[in-house]
Structures are given as C-alpha cells and as structure tokens.
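The values are calculated or read from the model by the stated rules, or taken from the named source; none is laboratory data. Everything quoted here is computed from the prediction, not taken from an experiment. Every residue, glycine as well, gets a Cβ built from its backbone with ideal geometry; the counts of neighbours run over all protein chains shown. Ligands, DNA and RNA are excluded from the accessible area calculation, which covers all protein heavy atoms including side chains. Shrake-Rupley method; radii C 1.70, N 1.55, O 1.52, S 1.80 Å.
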Amino acid sequence: AALTGGLRFQVSAALREGRVTPTELCQRCLSLIKSTRFLNAYITVAEEAARKQAEESEKRYRRGQPLSVLDGIPVAVKDNFNTAGIETTCASNMLKGYISPYNATVVQKLLDQGAVLLGKTNLDEFAMGSGSTDGVFGPVRNPWSYSRQYKEKSIPKSHSDGAESNWVITGGSSGGSAAAVSSFTCFAALGSDTGGSTRNPAAHCGVVGLKPTYGLISRHGLIPLVNSMDVPGILTRCVDDAAIMLGSLAGHDPKDSTTVQDNFKPFELPNLTDVSKLSIGIPKEYHAPGLSSEILALWSKAADLFKNAGAKVIEVSLPHTCYSIVCYHVLCTAEVASNMARFDGLEYGHRSDMKKSTESMYAATRREGFNDVVRGRILSGNYFLLKQNYENYFIKAQKVRRLIANDFVKVFRSGIDILLTPTTLSDAVPYMEFIKEDNRTRSAQDDILTQAANMAGLPAINVPTALSERGLPVGLQFIGRSFQEKQLLTVAKWFEKQVKFPVIQLEEVKRHDHTVLQHQKSASFS
C-alpha cells in the first residue's frame, strides 16, 4: 500500500509511525527494479549507495528526527544530471564511464533532505528525441505495454505477434524516469524538459509531469541541451507529490545565474471546491494537424467538466503558434551545436585512438561518440549560425520567439488564469511503428503541443486523464502564468480528483523479465 500511496499522507506517515522502514521501502523498490529490468528504465542502479542512504534515514526516524517529507523516499534521476560517484552517460558513447566530481544542485537538494537515490534513468542520447528510443542502452518500454488494461484491448494480429512485438514507447526524452515512476520502482523522478521531454512521456506513461517556470529550479549540473529552454522536470504519480518535490527543489542557486533571486516558499496544495472564479482558456491553434479524434473528444470533455463546475471556459487565440515548432527547431539546433562543442575528447568522456593530428582526433572522437541524431542537430545548428545565415535564421527565430511569448502574455492579461490543451497528438504508438520515421520528423510531431511553453518560459503540467480505446494513458496539459505554480498545481489537483485516473495493473512481470533480458542490455547494478 505504501508503494502506491502519496508522499505526504501515506508514505511519509507510514515511515514516521514505523509501519514501514526506509530500508524495507528501499529493498522493495530495488526488487521491483530487478523484476522490471525488461522495461530498460534504468541505466545504472546504485544499489549499495541506496542501501546506505536508507540505513542512515532509518537511524534518523528512530531518533524521531527525519530531515523532511522526502526522508527515506526512493527517487530516481535522469542520466543527464551529474551525480558524484555514479556514472553519468547521457545514454551516449561520448560519456560512457564518465563519473562527475559533483552533484547537480537538484540532486544535492534531494540528498540533503534525506531522499534515497536508487539510480540513473534511461533517455534519448543527450535528451535529443521524443521516444526514449535513441540512446546507446536501447529503447525504454512503456510499463502500460504489460498492463492488464492494454492486454485486454490489444489483440495480436497473429499467434506469434504477442507483447514482445506489440510493446509501446514511453515518449521522451525522459522516458526512463516516466517508466520508473509508472512501474512503482520509485516514488518520484527527475527529468529534463526542453521542448516537452517531461510532459510527453508523462502523458504516455500515465503519470504527472511538471515543467516549472524557467529559472525557478537550478540547472547547475544538468548537462545542457538548450540553455535558454532547459528546465529540470518532475515526474510523480499525483499532483500533490509534484508540489512536494517542487518545494524541495525550487529557489535561488548562486551557481546558476538564471535562477530567480527571490526565496521560494514551499506550499501545501489546498483542496479547491469552488472553480467559479476561474477562467480557463482553450487555445484554438492547439487543434493541430494529426490530433486524434479521441484526444480531441477528451479535450472537449475536460472543458465541459470545468464549465459544468462553474468556471468560465473561453476560446482564445495564440496566433503565432503555427510558427513555433519551426522556430524551436532553429533555436534548439543552434544551441545544441554550441553546447556539444565541449565534447572534444580532451578533458573528459570518450577519446578516439586516432593520432594523426589534433584535428583528426577531434573529428574521430565526435564521429565515434555521437549518434546520427546528435551529429545531425550539430550540423543543422552550425548551418543556421553561419555568418551568411545568422540574420535570416537565428535572429529571425529569436524575434518570432518573442512574438510567441507575447501571445501568452496577452492571453493571461485578458483575464485567463490557466490554459487547457492536449499534451500529445495521440496515445503511445508501438515501437515498431515509431521507428519507421526518423528522429527529427518524430520530434517535430511530438513536440508541437508542448514546446511553446518552453519558448515562453511558462510552467506547464501533464495530468493523466483517461485510458484510450487501446487501454493506454492519455493526458491533458495545463499551462499557467509565469511563477504561478501554486495556482497551476491547485487547478491540476482539482482536475485530477474529478477524472480519477486508474492505477496501472502490471502483469506477468517475471515471465517478461526472463525472456526479454536474454536479448537486451540491462541496467548495471553497482
């Protein structure tokens, strides 16, 4: 029961009352990680370190002096956050074997509050992707592929066409973190969100995915993808838990000049009973090409839910949305090209054996260390940054970005409190179908509903809403005003309570563990 409960009222209370100990909780999660290894959610499992942290937490509980609500709570971290003493790979050959000398600020804050770090989760290489399928450790499998809900609705085309070919993706790039939370191997996980990389997998895995306002949480120690859009993301099983995690992580960090200067006061979410004073905006531009009729109907049903409860539901326009994904692609690849320049084989990470010249060593190192996706984005970014292209692409994209941000400002100034949109165009697709299209095409499709919030630096959250006709999770996205996380999460909590999203019913874990592990690289237990 503790494994499926909320942090504050179930799990933390059980720890305080001695109904379960941190070591028991840690052991249960580690056992679940082993029995769900076929999901490939973890790259590294820090078993020994986690046990020690749990033992220290148990001593504090015995003394009656827990550090916080998170003391003794098992958590996981996406493998693009630096962790002292634990390998940080970004799911790339470029950083295989790299162990950071320091913790990312968010990781250190979790440890300082007594959280138990179980390990590092899988992702697309350097967080470039929307499926968690392009890392060197193999794709992440969506836990819902093995749920009773999906199996009852999914009919194999032939006798041999079973779960092993019919499994669906997690979304990305924080798919490992979403799968870890969804499969109960941890209570919360950190992801990163540059264009939707926390909210997208949250929607596909049936969990809550929060992208905070840009600058509210420190990026120090998060290996950068796009500095002007990257935000550490939070994945939990309920909105209340996301608020607890946010309260633990938010605030100024002297090591990150982009964080807010003001102190952040953690908050407990109220139980909203009256929504009559709320104005919910429905952006008409989010009725995007490719949006499934199923999600469109769910979006409409959610709007009606607010309307019937007394809230004002108003159609609004964000006129520059149609340019957003193209603009995002230009800015994203330009910053990627700049950020990836640090991986040259000299100071850390992979170094080629090529000794002909320094230049040839650089080239060989990057050819061997990066996959096609990363190299392609570097190439595109450098093209946009060429002297003859800089004004026409990069500067123009920055100007359009300002127009996109201003669209949101105007809508919120008009009296709208929260925007309600779909998170994804459809439910999760089978892996074999997903890989028919290249990474760039898929990312352009999958980020279309989420990346505008990153361009504007606004807080956004995915709330799991219902199961599709195929028995897979579908989520809706709420976008709030800048630094108004409390209002955003309060509305999300009210909505979560109304929709009553079902708990995943995982089945046949051990059978799949045995058959799949024979063919797949698994998490390394250190």
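Taking the range 76-128 as the range and being of a type in the set (S, T, Y) and in a loop (DSSP other than H, G, I, E, B) as the test, the residues that pass are T83, T88, T89, S92, Y98, Y102. Once the range 278-327 is narrowed to residues that are in a loop (DSSP other than H, G, I, E, B) and among the aliphatic types (A, V, I, L, M), the residue that is farthest from I395 (Cα to Cα) is A309.
Of the residues V231, V136, V207, V181, which single one is surrounded by fewer than 24 Cβ atoms within 10 Å (Cβ to Cβ) and out of contact with any Gly (no Cβ under 8 Å at 6 or more places or on another chain)?
Working: V231 fails: surrounded by fewer than 24 Cβ atoms within 10 Å (Cβ to Cβ); V207 fails: surrounded by fewer than 24 Cβ atoms within 10 Å (Cβ to Cβ); V181 fails: surrounded by fewer than 24 Cβ atoms within 10 Å (Cβ to Cβ).
V136 is the lone residue from the list that is surrounded by fewer than 24 Cβ atoms within 10 Å (Cβ to Cβ) and out of contact with any Gly (no Cβ under 8 Å at 6 or more places or on another chain).
Checking every residue in the range 35-55 against the condition of being in a helix (DSSP H, G or I), free of Cβ contacts under 8 Å to residues at least 12 places away in the same chain and under 19 Å from C186 (Cα atoms) gives at least one match.
Just wondering, is there one or more residues in the range 330-338 that are open to solvent by 20 Å² or more (accessible area, probe 1.4 Å) and among the β-branched types (V, I, T)? The answer is no; no qualifying residue exists. Within the range 83-111, residues that are under 20 Å from E125 (Cα atoms) and open to solvent by less than 10 Å² (accessible area, probe 1.4 Å) sit with their Cβ atoms under 9 Å from residues that are among the basic types (K, R) and in a loop (DSSP other than H, G, I, E, B), at 6+ positions apart or across chains, in these pairs: T89/K96; A104/R219.
The residues of the range 302-324 that are open to solvent by 30 Å² or more (accessible area, probe 1.4 Å) and of a type outside the set (G, A, S), listed by number, are D304, L305, K307, N308, K312, V313, I314, E315, P319, H320, C322, Y323. When restricted to residues that are touching a residue at least 12 places away in the same chain (Cβ under 8 Å), assigned to a helix (DSSP H, G or I) and over 14 Å from the mean Cα position of the chain (by Cα), the range 432-452 contains 9. Of the candidates L420, L467, the single residue that is touching a strand residue (DSSP E or B) at 6+ places or on another chain (Cβ under 8 Å) and more than 23 Å from K151 (Cα to Cα) is L420.
For the range 408-431, enumerate the residues that are assigned to a helix (DSSP H, G or I) and more than 22 Å from the chain's Cα centre (by Cα). Correct list: F408, V409, K410, V411, F412, R413.
Would you say Q27 is of a type outside the set (G, A, S) and part of a helix (DSSP H, G or I)? Criteria met by Q27. For S165, the requirement of being open to solvent by 10 Å² or more (accessible area, probe 1.4 Å), more than 24 Å from V336 (Cα to Cα) and either touching a residue at least 40 places away in the same chain (Cβ under 8 Å) or touching a Phe, Trp or Tyr at 6+ places or on another chain (Cβ under 6 Å) (or both) is met. Being touching a residue at least 24 places away in the same chain (Cβ under 8 Å) and either in a helix (DSSP H, G or I) or closer than 28 Å to G138 by Cβ (or both) is a description that applies to A405.
Is it the case, given these coordinates, that A337 is of a type in the set (A, V, I, L, M), at pLDDT 95 or above and more than 18 Å from T421 (Cβ to Cβ)? Criteria met by A337.
The listed residues are G475, G381, and the only one of them that is within 19 Å of G195 (Cβ to Cβ), assigned to a helix (DSSP H, G or I) and not aromatic (F, W, Y) turns out to be G381. Criterion first (at pLDDT 95 or above, assigned to a loop (DSSP other than H, G, I, E, B), within 30 Å of Y362 (Cβ to Cβ) and not polar (S, T, N, Q)) does G135 satisfy it? Against the criterion (at pLDDT 95 or above, assigned to a loop (DSSP other than H, G, I, E, B), within 30 Å of Y362 (Cβ to Cβ) and not polar (S, T, N, Q)), G135 qualifies. Taking the criterion of being under 23 Å from V226 (Cβ atoms) and either in a helix (DSSP H, G or I) or open to solvent by 70 Å² or more (accessible area, probe 1.4 Å) (or both), the residues of the range 339-361 that qualify are N339, M340, A341, R342, E347, Y348. Within the span defined as the range 370-378, one or more residues are at pLDDT 95 or above and in a loop (DSSP other than H, G, I, E, B).
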